[in-house]
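Since the structure comes first, as structure tokens, the remarks are kept for the end.
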Amino acid sequence: MMLLTISVKKSCQSNNTTIFTRSFKPNRIDQFNNILKNSKFQDILESECPNIAYNKFLSVVQLAFNEAFPLKKRKMHSKSIKRNPWFTKGLAHSIKTKAKLHHTKLLHPTKDYVSNYKKYCIVLQAKLQFYRESFNLYKHNVKKTWEILRPFVSNKSSSSGLSSEFCSSNTIITDTLEIANKFN
């Protein structure tokens, strides 16, 4: 049964991402248990309404949880975030430039600003260029080629696209064995 949720938030900063974490070290768990042991549950037990009792119980547990496992703010530098291999620093800079052009285009929608904004549609181009160069580099190495292709190719078997129903003599048949026998 899950009583509590932990949220993760991202900041709007360009170089850093802010995350909130909780430490679940053994000493923190002991502290949580001690807080619960010292909590007063008498008024919860005496409550006649189960909904009120549950809400009071949940409040006690949440307070103990937040005290024993406080949220700590951490900043992760963008270099520590896993990126796609085709995503370069130059591309990140171009994306920032495109965002500025988009803002300018919205404020002043002239043909020049719109055309400058449209010139910066480079994410797809960068991705295509990366994979084109990778395939050219490893065109004689089947193993490396498949390493590049593996994320895009699904190894799971897909359905055959055949219907699971068959109509014979105005009756609908759903049993696969019976359908096969009708074809034989």
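The values are calculated or read from the model by the stated rules, or taken from the named source; none is laboratory data. Everything numeric in this text was worked out from a predicted model, so none of it was measured. Don't worry about glycine lacking a Cβ; one is built from the backbone with ideal geometry, like all the others, and counts go over all protein chains shown.
So is Pro85 modelled with pLDDT of 75 or more, part of a loop (DSSP other than H, G, I, E, B) and closer than 29 Å to Thr17 by Cα or not?
no
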One residue from Lys127, Lys73, Lys98, Lys105 being assigned to a strand (DSSP E or B) and at pLDDT 75 or above: Lys73
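Just checking, how many residues over segment 108-124 are of a type in the set (Lys, Arg) and at pLDDT 80 or above?
Within segment 108-124, residues that are of a type in the set (Lys, Arg) and at pLDDT 80 or above number 1.
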Quick check, is Ile19 within 30 Å of Lys98 (Cα to Cα) and either within 39 Å of the chain's Cα centre (by Cα) or part of a helix (DSSP H, G or I) (or both)? yes
Filter segment 130-169 for residues that are at pLDDT 80 or above and within 26 Å of the chain's Cα centre (by Cα) and give the result. Phe130, Tyr131, Trp146, Glu147, Ile148, Leu149, Arg150
Before we move on, is Phe20 surrounded by fewer than 14 Cβ atoms within 10 Å (Cβ to Cβ), among the aromatic types (Phe, Trp, Tyr) and without any contact (Cβ under 8 Å) to a residue 40 or more places away in the chain? no
For segment 93-126, how many residues are surrounded by 12 or more Cβ atoms within 10 Å (Cβ to Cβ) and in contact with a helix residue (DSSP H, G or I) (Cβ under 9 Å, 6 or more places away or on another chain)? 15
Tabulated pairs, segment 90-108, first farther than 23 Å from Gln129 by Cβ, second crowded, with 16+ Cβ neighbours inside 10 Å, C-beta under 6 angstrom, 6+ apart or interchain: Thr104/Tyr113; Lys105/Tyr113; Lys105/Tyr117
